[in-house]
Amino acid sequence: MQTQELVEALKEHVTCLDAEKIEKIDFDQMQEDLKNSIEALISLQRNKRLCEKLLADFKSEIKKMSLAISRAKGDVNASGLVERFLSSEDLSFEELVLLRDKVREDFNKSFPSRTQAKVVDSLEFGELKISEFKAGVKE
């Protein structure tokens, strides 16, 4: 049974009980609806715990990236602002995603995954080759 259908069935049972229309109450159906409610509530509780863990992980990832950016730039205040924003009670999911995207973009700019410059091997400056200055290179 879908959650919305279950809610509607329970509302109907409550309406009959409030009106004290005992003859209209289908006790077998009410019992079945209450059993389904128990299963739905247990499932919702499991999902709630999972969502809380995912949200905590999501926020932790943002905090770690923000802290790394702050340390790299030498600006401790930026990380504090992000942490205060994350601890806000009225933070919507859309705002959280936008924050993550912005922080991830700044993180990728601060810590690129590829080297930004290539070492040139073939150029010679006077008598020395650039390859002589590479660490771990033996000739």
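Taking θ as phi - 60°, what are the ³J(HN,Hα) couplings along segment 88-99 by the Karplus curve (6.51, -1.76, 1.60), each to the nearest whole Hz, with x for Gly and Pro?
5, 6, 9, 6, 7, 5, 4, 5, 5, 5, 4, 4
Can you run phi through the Karplus equation (6.51, -1.76, 1.60; θ = phi - 60°) for segment 54-60 and list ³J(HN,Hα) in whole Hz, with x for Gly and Pro?
Per-residue couplings from phi come out as 5, 5, 5, 5, 4, 5, 4 Hz.
Under 8 Å for C-alpha pairs, at least 6 residues apart: give me the relative contact order for segment 1-106, rounded to a whole percent.
20 percent
Relative to a virtual label point 7 Å from the Cα of Phe27 in the Cα→beta-carbon direction, which members of segment 1-20 show backbone nitrogen distances below 17 Å?
Under 17 Å, as judged by backbone N against the label point of Phe27, lie 13-14, 16-18, 20 of segment 1-20.
Accessible area of segment 35-118 with a 1.4 Å probe: how many percent of it is carbon plus sulfur?
56 percent
Rounded to whole Hz and in sequence order, give me ³J(HN,Hα) for segment 40-53 from the Karplus expression 6.51 cos²θ - 1.76 cosθ + 1.60, θ = phi - 60°, writing x for Gly and Pro.
Each residue's phi maps through the Karplus curve to give 5, 5, 5, 5, 4, 5, 4, 5, 5, 4, 4, 4, 5, 5 Hz.
The values are calculated or read from the model by the stated rules, or taken from the named source; none is laboratory data. In this text the structure is predicted, and so the values were computed from the model without any measurement. Methodologically, a virtual Cβ is constructed for each residue, glycine included, from the backbone with ideal geometry; neighbour enumeration extends over all protein chains shown. Only protein heavy atoms, including side chains, enter the accessible area calculation; ligands, DNA and RNA are left aside. Shrake-Rupley method; radii C 1.70, N 1.55, O 1.52, S 1.80 Å.
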